[in-house]
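Read the structure below first, then the notes.
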Amino acid sequence: MNIKEYFSSIFTGAHSLIKGMEVTGKELFTKKVTEQYPENRAELEIPERFRATLQFIYDEEGYHKCIACKTCERNCPNGTIQIITRMVDLPNGKKKMKLDKYMYDLGSCTFCGLCVTSCPTDAIKFSNDFEQAVFRREALLKQLNYLPEKEKPAPEPAAKPAAAPKPEVKPEAKPAEKPEAAEPAKETAADVQSPNADKKEE
């Protein structure tokens, strides 16, 4: 290093030091704001996108959308999620894999959001409740499907279409019977004249 480079590095360091002290000097005269937590808990405005803890999404009837596909468990980078499943018998005689326990370890969660974005049914989300401090590490292990499991009613069999009423078949009107022709009168022996009798009269 020559003399020119030596003094150049000194001036560069001094310039950066002055810039840093300028920022510090501005903060000395800035009005201080102190959050009176937890007294002002009701007035705190937490952003909706703040990720605090993972939770299930339940509908108004108490059902969730999780189908136990384990996509979130596979995408979790550090094994925070563990899904325990069980096989159930369906009314049609087939078997289906169903969610038994959805375990979530808040203590090892990195809040990356890969589980939420990869869920095919949008069954989970992050809440913005930041108050998750506990005294025991075991309390950070949570079961997200905490509500009692409700069995969905079996689908009703499709009703058979009502048979169309058969059209009434009216009896065909019989043609009026023609009056029988009167039988020709039987010729009597007197009416029958032999041709020889005419000849005799002549």
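What residue, of Arg51, Arg74, Arg86, is charged (D, E, K, R), assigned to a loop (DSSP other than H, G, I, E, B) and either touching a helix residue (DSSP H, G or I) at 6+ places or on another chain (Cβ under 6 Å) or surrounded by 10 or more Cβ atoms within 10 Å (Cβ to Cβ) (or both)? Can you show your working first?
On the way: Arg74 fails: assigned to a loop (DSSP other than H, G, I, E, B); Arg86 fails: assigned to a loop (DSSP other than H, G, I, E, B).
Testing whether each residue is charged (D, E, K, R), assigned to a loop (DSSP other than H, G, I, E, B) and either touching a helix residue (DSSP H, G or I) at 6+ places or on another chain (Cβ under 6 Å) or surrounded by 10 or more Cβ atoms within 10 Å (Cβ to Cβ) (or both) leaves just Arg51.
In this structure, does Cys69 turn out to be out of contact with any strand residue (DSSP E or B) (no Cβ under 9 Å at 6 or more places or on another chain), surrounded by 12 or more Cβ atoms within 10 Å (Cβ to Cβ) and part of a loop (DSSP other than H, G, I, E, B)?
Working: out of contact with any strand residue (DSSP E or B) (no Cβ under 9 Å at 6 or more places or on another chain): no; surrounded by 12 or more Cβ atoms within 10 Å (Cβ to Cβ): yes; part of a loop (DSSP other than H, G, I, E, B): yes.
No; evaluated as a whole, the condition is false for this residue.
Answer yes or no as to whether Lys150 is more than 30 Å from Arg51 (Cβ to Cβ), among the charged types (D, E, K, R), under 25 Å from the mean Cα position of the chain (by Cα) and at pLDDT 60 or above.
Criteria not met by Lys150.
So is Ala42 under 30 Å from Phe126 (Cα atoms) and assigned to a helix (DSSP H, G or I) or not? First the steps, then the outcome.
Working: under 30 Å from Phe126 (Cα atoms): yes; assigned to a helix (DSSP H, G or I): yes.
So Ala42 fits the description; yes.
For Leu17, are the conditions met, namely being surrounded by 10 or more Cβ atoms within 10 Å (Cβ to Cβ) and not aromatic (Phe, Trp, Tyr)? Write out each step before concluding.
Values: surrounded by 10 or more Cβ atoms within 10 Å (Cβ to Cβ): yes; not aromatic (Phe, Trp, Tyr): yes.
Against the criterion (surrounded by 10 or more Cβ atoms within 10 Å (Cβ to Cβ) and not aromatic (Phe, Trp, Tyr)), Leu17 qualifies.
Please go through the stretch 89-141 and give me each residue that is touching a Ser or Thr at 6+ places or on another chain (Cβ under 6 Å) and assigned to a helix (DSSP H, G or I), ordered by number.
Leu106, Ser108, Ser118
Taking into account only those residues within the stretch 89-113 that are at pLDDT 90 or above and over 22 Å from Tyr146 (Cα atoms), which is surrounded by the most Cβ atoms within 10 Å (Cβ to Cβ)?
For the stretch 89-113, the residue satisfying everything is Cys112.
Go through the stretch 1-52 and give me each residue that's among the charged types (D, E, K, R) and touching a Ser or Thr at 6+ places or on another chain (Cβ under 8 Å). Outline the logic, then answer.
So in the stretch 1-52, the residues among the charged types (D, E, K, R) come out as 4-5, 19, 22, 26-27, 31-32, 35, 39, 41, 43, 45, 48-49, 51.
If the condition is that a residue be among the charged types (D, E, K, R) and touching a Ser or Thr at 6+ places or on another chain (Cβ under 8 Å), then no residue fits.
Does Tyr104 satisfy being in contact (Cβ under 8 Å) with a residue 24 or more places away in the chain, within 30 Å of Asn128 (Cα to Cα) and in contact with a His (Cβ under 6 Å, 6 or more places away or on another chain)?
Numbers: in contact (Cβ under 8 Å) with a residue 24 or more places away in the chain: yes; within 30 Å of Asn128 (Cα to Cα): yes; in contact with a His (Cβ under 6 Å, 6 or more places away or on another chain): no.
In short, no.
I'm checking my understanding of the structure. Among residues of the stretch 1-22 that are among the β-branched types (Val, Ile, Thr) and modelled with pLDDT of 85 or more, which one is nearest to Glu131 (Cα to Cα)? Don't jump to the end; show me each part of the working.
Pass one, the stretch 1-22, residues among the β-branched types (Val, Ile, Thr): 3, 10, 12, 18.
Going one step further and asking which of them are modelled with pLDDT of 85 or more, we end up with 10, 12, 18.
Details: Ile10: 48, Thr12: 45, Ile18: 40 Å.
Applying the filter and picking the extreme gives Ile18.
Return only the number of the condition from (1) hydrophobic (A, V, I, L, M, F, W, C); (2) at pLDDT below 90; (3) over 34 Å from the mean Cα position of the chain (by Cα) that Val134 does not satisfy.
Of (1) hydrophobic (A, V, I, L, M, F, W, C); (2) at pLDDT below 90; (3) over 34 Å from the mean Cα position of the chain (by Cα), only one is false for Val134: (2).
Which residues, taken from the stretch 54-66, are in contact (Cβ under 8 Å) with a residue 24 or more places away in the chain, closer than 16 Å to Ile124 by Cβ and assigned to a loop (DSSP other than H, G, I, E, B)?
So the first thing to find is which residues in the stretch 54-66 are in contact (Cβ under 8 Å) with a residue 24 or more places away in the chain, and the list is 54-58, 61-66.
Restricting the remaining residues to those that are closer than 16 Å to Ile124 by Cβ gives 54-58, 63-66.
Hits for the stretch 54-66 are Ile57, Tyr63, Lys65, Cys66.
Go through the residues of the stretch 33-43 one by one and say whether even a single one is farther than 20 Å from Ala133 by Cα and either surrounded by 14 or more Cβ atoms within 10 Å (Cβ to Cβ) or over 43 Å from the mean Cα position of the chain (by Cα) (or both).
Yes: one or more hits.
The values are calculated or read from the model by the stated rules, or taken from the named source; none is laboratory data. Just so you know, these numbers come straight off a predicted model, no measurement behind them. Every residue, glycine among them, receives a Cβ derived from its backbone with ideal geometry; neighbour counts consider all protein chains shown.
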